[in-house]
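Trainee: Sharing a structure here in structure tokens format.
None of the figures in this text is laboratory data; all of them are computed from the coordinates on show. Every value quoted in this text rests on a predicted model; they were computed, and no experiment measured them. Ideal geometry is used to build each Cβ from the backbone, glycine not excepted, and the neighbour counts take in all protein chains shown.
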Amino acid sequence: MFTCSSSRERKLDAPKQEIALLANAVNLLVQTASSNGGSFNGPSIDEFFPPTLFSIGSFEVNRVMVIRFIAVAVLVLIFWLGTRRMKLIPGRFQSVVEMGLDLVRVNIAEDLLGKKDGQRFLPLLTTVFFMVLFMNLTGVIPFLNIAGTSVIGVPLVLAVVAYIAFIYAGVKKNPKSFFRNALFPPGVPWPFYIIVTPIEFFSTFILRPITLTLRLLMNMIVGHLLLVLFFSGTAFFVFTAGGGWGLLGVGTMAFGFAFTLFEILVAVLQAYVFALLTAVYIQLAVAEEH
């Protein structure tokens, strides 16, 4: 009975997902068709630095900031609605929220850090995962169409948080030997420390937060540019070039739809990878050899 019910629910949800994806595609088409001025305008890096909408004191708010506020508000609302009246036999909405929480708890926190440390760092890992996920998904939501993580601010802040958690975990576990063991690995002949120590310092304390930031940032930037390229190409071929060029518009529209699905997969994977790497760094900090 449970399997049949789940199958019916998935079949009912499928048209809704297709409608949402189609709405996103149509929205992008309308935007690009109204702004191309009779010529093809490809994606530009300027889209990630939109003009200021309003200011709060000295704090300027643009379109990307508004999208981030929306993502955080929706995230808080979903978890508030899903946890305010917890039941022993959960309903569908509570089950979805619990599945998301269990994904982080079981597959990331406890799997890498064990029960004790996993529970200790679970709030951080859960926050990182869902914050990245929701801000990534704004890139494929109609009328938003840009990820909140596609500008360096949020990825950098989250990478710094992960870096601080790594340092905190290591110092908390081994306050006297954490930095010494990180920079001077045991078992290495002392003359080799002239080479090993600078490499360890650069890779452990500088390269990790940089790569964590850039991995998320570049994936979201490239995904947005590809989607804009396909849908702006569709708008140009269909509404501007006309004639036989419309057939190419059909092709670019199909690629745009396929890459929208791919971008959803990338959004989920990048959230998982970011939280997973944060847990890996913490695990390395609390390992016995440190």
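Trainee: Using the structure shown, select from Lys87/Lys116; Lys116/Lys176; Lys115/Lys172 the pairs with a Cα to Cα distance greater than 19 angstrom. Each step should come with its number before you reach the end.
Mentor: Working: Lys87/Lys116 26 Å; Lys116/Lys176 22 Å; Lys115/Lys172 17 Å.
With Cα atoms farther than 19 Å apart: Lys87/Lys116; Lys116/Lys176.
Trainee: In whole Å, what is the distance between the alpha-carbon centres of the range 81-98 and the range 259-290?
Mentor: 26
Trainee: For the pair Leu261 and Ser95, how long in nm is the line joining their label points, each one 7 Å along Cα→Cβ?
Mentor: 2.5
Trainee: If packing is taken as the average count of other Cβ atoms within 10 Å, what order do 251-261, 185-195, 228-238, 199-209 fall into, highest mean first?
Mentor: Working: 251-261: 16.9, 185-195: 9.7, 228-238: 22.8, 199-209: 14.4.
Packing order, densest peptide first, comes out as 228-238, 251-261, 199-209, 185-195.
Trainee: Could you size up the charge dipole of the chain around its Cα centre, putting +1 on the beta carbon of Lys and Arg and -1 on that of Asp and Glu, and report it in debye to the nearest 20? Provide the component values of the computation, followed by the final result.
Mentor: Working: 20 positive and 15 negative charges, 170 e Å.
Dipole size: approximately 820 debye.
Trainee: What nm value, rounded to one decimal, do you get for the distance between Thr127 and Phe143 when each label is placed 7 Å out toward the C-beta?
Mentor: Inter-label distance under the simple model: 3.1 nm.
Trainee: Hey, what do the phi angles of the range 162-177 turn into as Karplus ³J(HN,Hα) couplings, whole Hz, using 6.51/-1.76/1.60 and θ = phi - 60°, x for Gly and Pro?
Mentor: Result, rounded to whole Hz: 4, 5, 5, 4, 4, 5, 4, 4, x, 5, 5, 6, 9, x, 8, 10.
Trainee: Would you work out which of Gly244, Gly233, Leu81 lies farthest towards the positive end of the dipole of the chain, given +1 charges on the beta-carbon of Lys and Arg and -1 on that of Asp and Glu, about the Cα centre?
Mentor: Leu81
Trainee: Multiply the residue separation of Arg180 and Ile194 by 0.36 nm, subtract the distance between their alpha-carbon atoms, and state the gained length in nm to one decimal. Don't jump to the answer; show the numbers that get you there.
Mentor: Numbers: separation 14, 0.36 × 14 = 5.04 nm, distance 1.41 nm.
Taking 0.36 nm per residue and subtracting the Cα distance, the gain is 3.6 nm.
Trainee: For the range 42-286, take the convex hull of the Cα atoms, compute a quarter of its surface area, and give me that in nm², please.
Mentor: Orientation-averaged projected area of the Cα hull: 19.0 nm².
Trainee: For the range 94-226, take N as its residue count and report Rg(C-alpha) divided by 2.2 N^0.38 Å. Kindly include the intermediate steps, with their values, before the conclusion.
Mentor: Details: Rg = 18.3 Å, N = 133, 2.2 N^0.38 = 14.1 Å.
For the range 94-226, the normalised Cα radius of gyration is 1.29.
Trainee: Another one. What nm distance separates the two modelled labels at Val66 and Leu269, each placed 7 Å from Cα along Cα→Cβ?
Mentor: Each label point is offset 7 Å from its Cα along the Cβ direction, giving 3.2 nm.
Trainee: Quick one: angle between helix 2-35 and the longest Cα principal axis of the chain, in degrees between 0 and 90, rounded to 10, please.
Mentor: 70
Trainee: Another question, then. Report the charge-dipole magnitude of the range 159-290 in Debye, nearest 20, computed about the Cα centre from +1 at each Lys and Arg Cβ and -1 at each Asp and Glu Cβ.
Mentor: 340
Trainee: Sequence gap at least 6, Cα distance under 8 Å: using those rules, report the relative contact order of the chain to the nearest whole percent.
Mentor: The value is 28 percent.
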